[in-house]
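*Asks:* Below is one structure. I have some questions about it.
The values are calculated or read from the model by the stated rules, or taken from the named source; none is laboratory data. Keep in mind it's a predicted model, so treat the numbers as computed, not measured. No Cβ is skipped: glycine too gets one built from the backbone with ideal geometry, and neighbour counts run over all protein chains shown. These accessible areas exclude ligands, DNA and RNA; they are computed on the full protein's heavy atoms, side chains included. Shrake-Rupley method; radii C 1.70, N 1.55, O 1.52, S 1.80 Å.
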Amino acid sequence: MAVSPELILSVLMGLLLLVVAGWLTRLEDWQAYAPVGGGGYGESTGHGHEEKPAGLTRWLTTVDHKDLGILYLVFGVVAFAWGGITALLMRLELTTPSMDLLSSYGGFGLYNALLTTHGITMLFLFAAPMIFAVGNYMVPLLVDADDMAFPRINAIAFWILPFSTILMWAGFFLPVVGIDIQAAKTAWTLYTPLSTSIEGVGVDVFLLGFHLSGFSTTMGAINFIATIVAERNTEKVPWSKLDIFSWTMLTQGGLILFAFPILSGAVLMLLLDRNFGTMFFAAEGGGALLFQHLFWFFGHPEVYILVLPPMGLVSLILPKFAGRKLFGFKFIVYSTLAIGILSFGVWAHHMFTTGINPRLTASFMAISLAIGVPSAVKVFNWITTLWNGKLRMTAPMLFAVGFVQNFIIGGVTGVFLAAIPFDLVMQDTYYVVGHFHFIVFGAIGFALFAGLYYWFPMMTGRMYDRRLALWHFWLSIIGGNVTFIAMLILGYGGMPRRYATYLPQFMTWHAVATLGALVMTVAQLAFLWNFWQSAKYGKRIDSGDPWDLKEIDQFTHEWDWYEQKRERLLADGGEEEDGAETAN
């Protein structure tokens, strides 16, 4: 009897996992600060590792939370580029009603593959790793810990990601070298029976990579929880003084621990259905609705897994440039915890059109509307923080304010979708796409940009180019609103999502959406160029307080660490480089 390629691949992946597990058991000290490659480099004191190898060896063996934060950042930027390219290709194709641009390169199949990889990449390979990048670098500094609780696990969690990404993207590149593995064409929701009926090993490879990325995220969440709870300096940072970003990272970690095992189980059952003849999601077994319940029980908490830390970033950054303390700090903490709890009771609002019991859908509608209350609490607190403040419209502040604007639009459009009558009309239209993108890019993306600009001087010792940062902000917010509002209008007109072709009546607004996407592309190119050039040649900052936070009594732990680091460097004979190009 012939052995199928799928079975061989499954056995090989199983062996790989066994090898990884065996390697983990050889580690003698999970909390050791020595690089994984072996050979101690000295004990860590004061948020760092005293001695590090140079060059590539440093980055391949590091367990320093700051280095791993940089690695997560680089990885997230690469994923952002890939996700952006796939989105731009789809938008260019949608400029005309018929299949034109992609017709010679795979047509509808390629479009569906781009749709699949775009969604998975932006959610799991861009947004989550970028949040972990900021969290890895900053959380130990904010809680005055030497490092993450488990530095080696921290490194392992990161290095799982590149391998899982290779598996998820393999279907786009392996055919070029003659290996017959096609990219998955399931859409990012992986709905059955489509995902169980597509033949070929491409979907299995994709699912295995997706499965591995879940392990990485879960390991990272455990580390953040342990760091904030157990490694925090309780004398300097008691619970009453824990910063809002760390509160949101802690809540995110709890959500991940409860949500991601459900996703892992669903993906594992999907792999078993595809390769071993089980019937978890077959009509004779649990059916397609079982998969939807499992997926969305994970999927809606995942939205808050991704949006809560950005909310924390905005809550941290806004007061710094408003000249006022955060209004209602305790209420923002309570609302964060409330969102985390309520997020597990709203998943079926994605399934109002599936025919489930109306009494059940009514209860899910009530909870979906209720979860808007703690979100609204945050919005009013942010606005009140700005009210009568001495605003400094720096790049971090602009992106934080842009987050608030985009989140209001994304949130209000989401409240409408929580209402059953409205959802029955708008389900699976571009209205849902517009709403979701206001949250994912307009809110999550903007908050991450705010955090990166805010801590850029600390991470590089230089200041970014302020003019390019302004271009980045204005092009992003104009392009984003043009694109996503056009999508909302398309949804009101009845344009279904996930379609590569459409009726000519929708052409005008598709063209508008594509124009906005092109503007956003220019904005992100400005961002990449600014960060690259400024990190190498930007004007060096001349103090440990580049934002003048001491003047408003908001000089927080991470900046105190940075100032002490600069003082130690100068005391040891370090000198600033001369002749650095200035940033305007």
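*Asks:* Can you tell me which lysines have their Cα less than 20 Å from the Cα of K539? Leave out same-chain residues fewer than eight positions away.
*Replies:* K565
*Asks:* So with the 1.4 Å probe, I'd like the accessible area per residue for the chain, rounded to whole Å².
*Replies:* 42 Å²
*Asks:* Determine which lysines satisfy two conditions relative to K330: a Cα distance under 24 Å, and not lying fewer than 8 residues away in the same chain.
*Replies:* Excluding near neighbours in sequence, the set is K236, K241, K320, K378, K390, K550.
*Asks:* Please sort by residue number the chymotrypsin sites (Phe, Trp or Tyr not before Pro) in segment 384-492 whose DSSP state is loop and whose Cβ has at most 16 other Cβ atoms within 10 Å.
*Replies:* W387
*Asks:* How many nm is it between the label spots at T508 and T384, if each spot is 7 Å from the Cα in line with the beta carbon?
*Replies:* Once both label points are built, they end up 4.4 nm from each other.
*Asks:* Next up: With each pseudo-label sitting 7 Å past Cα toward Cβ, what's the K565-L194 distance in nm, one decimal?
*Replies:* Reported label-point gap for K565 and L194 is 4.6 nm.
*Asks:* Say a site is exposed when it is one of the trypsin sites (Lys or Arg not before Pro), sits in a DSSP loop, and has at most 15 other Cβ atoms within 10 Å; what is then the longest site-free stretch of the chain?
*Replies:* Answer from the scan: 27-235.
*Asks:* Note down the nm distance, to one decimal, between modelled labels 7 Å out along Cα→Cβ at L360 and at E284.
*Replies:* 2.4 nm
*Asks:* I've got another one for you. Exposed loop GluC sites (Glu not before Pro) only (DSSP loop, at most 15 other Cβ atoms within 10 Å): please give the longest stretch of the chain free of them, not including the sites.
*Replies:* Answer from the scan: 285-574.
*Asks:* Counting other Cβ atoms within 10 Å, keep those with at most 16, restrict to DSSP loop, and tell me which chymotrypsin sites (Phe, Trp or Tyr not before Pro) in segment 88-160 are left.
*Replies:* Answer by residue number: Y105.
*Asks:* Cα centroids of segment 190-243 and segment 129-186: how far apart, whole angstrom?
*Replies:* 10 Å
*Asks:* Moving on to the next point. Which angle from 0 to 90°, rounded to the nearest 10, does the C-alpha axis of helix 107-120 make with the longest principal axis of the chain?
*Replies:* Compared with the principal axis, the helix lies near 40 degrees.
*Asks:* Something else: Taking Cα extents along the principal axes in Å straight from the coordinates, which label in [x] 71, 59, 48; [y] 125, 70, 50; [z] 78, 48, 47 is the correct one?
*Replies:* The value matching this structure is [x].
*Asks:* In Å, what Kirkwood hydrodynamic radius results for segment 161-231 from the alpha-carbon pair distances?
*Replies:* So the Kirkwood estimate lands at 13.6 Å.
*Asks:* For segment 486-517 and segment 103-125, what is the separation of their C-alpha centers, rounded to whole Å?
*Replies:* Between the Cα centre of segment 486-517 and that of segment 103-125, the gap is 18 Å.
*Asks:* When the accessible area of segment 250-391 is computed with all protein chains present and a 1.4 Å probe, what percentage of it is carbon and sulfur?
*Replies:* Solvent-exposed carbon and sulfur of segment 250-391 make up 73 percent of the total.
*Asks:* At 1.4 Å probe size, with the rest of the protein present, what percent of the exposed accessible area of segment 60-242 is carbon and sulfur atoms?
*Replies:* Within segment 60-242, the accessible surface is 70 percent carbon and sulfur.
*Asks:* Just need log10 I(q)/I(0) for segment 60-242 at q = 0.08, 0.09, 0.12, 0.13 Å⁻¹, Debye formula, equal scatterers on the alpha-carbon atoms, no solvent, rounded to two decimals.
*Replies:* Calculated log10 I(q)/I(0) at the listed q: -0.33, -0.40, -0.64, -0.72.
*Asks:* Using alpha-carbon pairs under 8 Å, 6+ residues apart, how would you state the relative contact order of segment 60-242 in percent?
*Replies:* The value is 29 percent.
*Asks:* So, one more: With n ≥ 4 as the cut-off for DSSP H runs, can you work out [θ] at 222 nm for the chain, using -39500 (n - 2.57) per run divided by the number of residues, rounded to the nearest 500?
*Replies:* Values: 20 runs with 376 residues, N = 584.
Counting only the DSSP helices, I get -22000 deg cm²/dmol.
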